[in-house]
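Sending over a structure as structure tokens; questions will come in a sec.
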Amino acid sequence: MAEVVEYEVKVLDKGEVKLINQMDQGGDYGVVAAARVSNGVAYDKASKGDDADFKLISYLMKHRHGTPFEHNLFTFYIKCPLFVAREWQRHRIGSYNEVSGRYTEFNAQFYIPTVARKPAETNKQGSVPVNNKGADEWLETEIQRWSLAAHVEYKKLLDFGIAKELARIVLPLNLYTEFYWSVNARSLMNFLSLRTGEDAQWEIQQYAKAIEPMFFDVMPFTYHAWVNNGRIAP
């Protein structure tokens, strides 16, 4: 079984993902222990060797016996744009704690894309690059300009004595936020299945792709069983 691997990965222009905690009993061993308790097997006797454990995990995955994959916990620190966070938090089976604009003054940290995208013709949820350097430069300049202008207005409101909870409403969705996300392996597989897909927004895809190697290193048996099962969560 794999040991916990600490990760810190930079994402987009100013974002990042950190795996800050993974419960010792929550790896592949936790899956086989949760499954074998049905037969009265004690926790410390749960493993029957790598081959047998992987075979069991693969069986559980294939036949959609999902609950053994819930007895573990990953906790991530995420720094991402607000619009990415709002998409992320639609994944409801997990716990979130986010920095509060009621109590914290936001710095002028904004996601500034450098590639212009247009709606994809064959996928209503997707987008594709415009492939025009002039459009890329124009987009970057415009978003940078309006983001900084919004932050100037935000600071004016604060300086005037307006409460942070009210002043924040002038800030745009590309403002960076920070949150902790605690999630079990079953829900993590569901997140990765959906958010690495071609119909996911490009920005959240980059976060999902950053997290996937962390999942692999912590739970390699579960990861391989999931991939072999078509990346479908049990």
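Quick check, is ASP217 surrounded by 16 or more Cβ atoms within 10 Å (Cβ to Cβ) and modelled with pLDDT under 95?
Answer is yes for this residue.
Sticking with this structure for a sec: Would you mind stating whether LEU73 is assigned by TED's automatic domain parsing to the domain that holds VAL31 and either within 24 Å of LEU12 (Cα to Cα) or buried (at least 19 other Cβ atoms within 10 Å of the Cβ) (or both)?
Taking the combined requirement at face value, the residue does not satisfy it.
Identify, by number, the condition in (1) in a strand (DSSP E or B); (2) in contact with a helix residue (DSSP H, G or I) (Cβ under 9 Å, 6 or more places away or on another chain) that SER182 doesn't meet.
Just one mismatch for SER182, condition (2).
Which members of the range 220-234 meet the condition of being buried (at least 18 other Cβ atoms within 10 Å of the Cβ) and either within 14 Å of CYS80 (Cα to Cα) or modelled with pLDDT of 95 or more (or both)?
Correct list: PHE221, THR222, TYR223, ALA225, TRP226.
Among the residues of the range 147-174 satisfying the criterion of being without any contact (Cβ under 8 Å) to a residue 60 or more places away in the chain and acidic (Asp, Glu), which is nearest to THR104 (Cα to Cα)?
Filtering first and then ranking leaves ASP159.
Consider GLU16 against the criteria (1) in contact (Cβ under 8 Å) with a residue 40 or more places away in the chain; (2) assigned to a loop (DSSP other than H, G, I, E, B): it satisfies all of them except one. Which criterion is unmet?
Every condition holds for GLU16 apart from (2).
The values are calculated or read from the model by the stated rules, or taken from the named source; none is laboratory data. Bear in mind that the values here come from a model prediction, so they are computed numbers and not experimental data. Every residue, glycine as well, gets a Cβ built from its backbone with ideal geometry; the counts of neighbours run over all protein chains shown.
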